[in-house]
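What follows is a single structure, written as structure tokens, with notes after it.
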Amino acid sequence: MKKILSTLAAAFMVLSLAACSELPQKENFQPETSEKEPSQQEQTFGINETAVFDELKITALEIKESKGTEFFQPESGNTFVGIKFVIENVSESEQTVSSLLMFDSYANDVKCDYSFSAACVFDEGTIDGSIAPGKKLVGWYALEVPADWTTIELNVEPSLFSNSLAVFVFEK
């Protein structure tokens, strides 16, 4: 009986160690195409187009590029890009807008983040703040992107718990 239990225990250990030493599989990288499904294209917005949500209306007014100022410069090979928005509160209660929480940005399909240095270059204000019912907020969403960018995409989700998404796409 001891011999059987010892054999089973040894077999179990060998199988356990074999499972732990499993090597990852290698795959060839295949770049994805940028073709979008028709339903996604219908949710895409550009300059002077408005995404209407339950509580907010978001309109992109213009896009600008900047090489910076005396104090705020992009890193070598990069440029600052600002997108001016007007955001209107169409609800009955005060709404908070956050560029860090509501926006995800991509330059040439590569994730990029909001840039505080770029925001200082577009000094007419940001799109962060509270908006009273029936009022508007006008400001800039600012990024530092590669100077050779061709497409910027902003995915806008009006609240943390929302299933709604607007995709703003801008071509150089």
State the number of residues belonging to the range 50-103 that are in contact with a Lys or Arg (Cβ under 6 Å, 6 or more places away or on another chain) and β-branched (Val, Ile, Thr). 3
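Okay, residues lined up against (1) at pLDDT 95 or above; (2) under 17 Å from TRP149 (Cβ atoms); (3) of a type in the set (Ser, Thr, Tyr):
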site: LYS26; (1), (2), (3): no, no, no
site: GLU42; (1), (2), (3): no, no, no
site: ALA60; (1), (2), (3): yes, yes, no
site: ILE83; (1), (2), (3): yes, yes, no
site: TYR106; (1), (2), (3): yes, yes, yes
site: SER117; (1), (2), (3): no, yes, yes
Would you be able to say whether some residue in the range 30-40 is within 16 Å of VAL156 (Cβ to Cβ) and at pLDDT 95 or above? no
In the range 132-157, the residues that are crowded, with 20+ Cβ neighbours inside 10 Å and of a type outside the set (Phe, Trp, Tyr): LEU137, GLY139, ALA142, LEU143, GLU144, VAL145, ILE152, LEU154, VAL156
Residue, surrounded by the fewest Cβ atoms within 10 Å (Cβ to Cβ), within the range 66-115, restricted to residues that are closer than 20 Å to LEU154 by Cα and of a type in the set (Lys, Arg): LYS111
When GLY129 is evaluated against the numbered criteria (1) surrounded by 15 or more Cβ atoms within 10 Å (Cβ to Cβ); (2) within 18 Å of VAL86 (Cβ to Cβ), which criterion, by number, is the only one it fails? (1)
Given the range 71-172, what strands (runs of 3 or more DSSP E) lie entirely inside it while holding 2 or more residues that are among the aromatic types (Phe, Trp, Tyr) and over 21 Å from PHE45 (Cβ atoms)? none
Output yes when any residue across the range 44-53 is at pLDDT 95 or above and touching a Pro at 6+ places or on another chain (Cβ under 6 Å), and no when none is. no
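The values are calculated or read from the model by the stated rules, or taken from the named source; none is laboratory data. All of these numbers come straight from a predicted model, not from anything done at the bench. Positions of Cβ are backbone-derived with ideal geometry, glycine not excepted, and every protein chain shown enters the neighbour counts.
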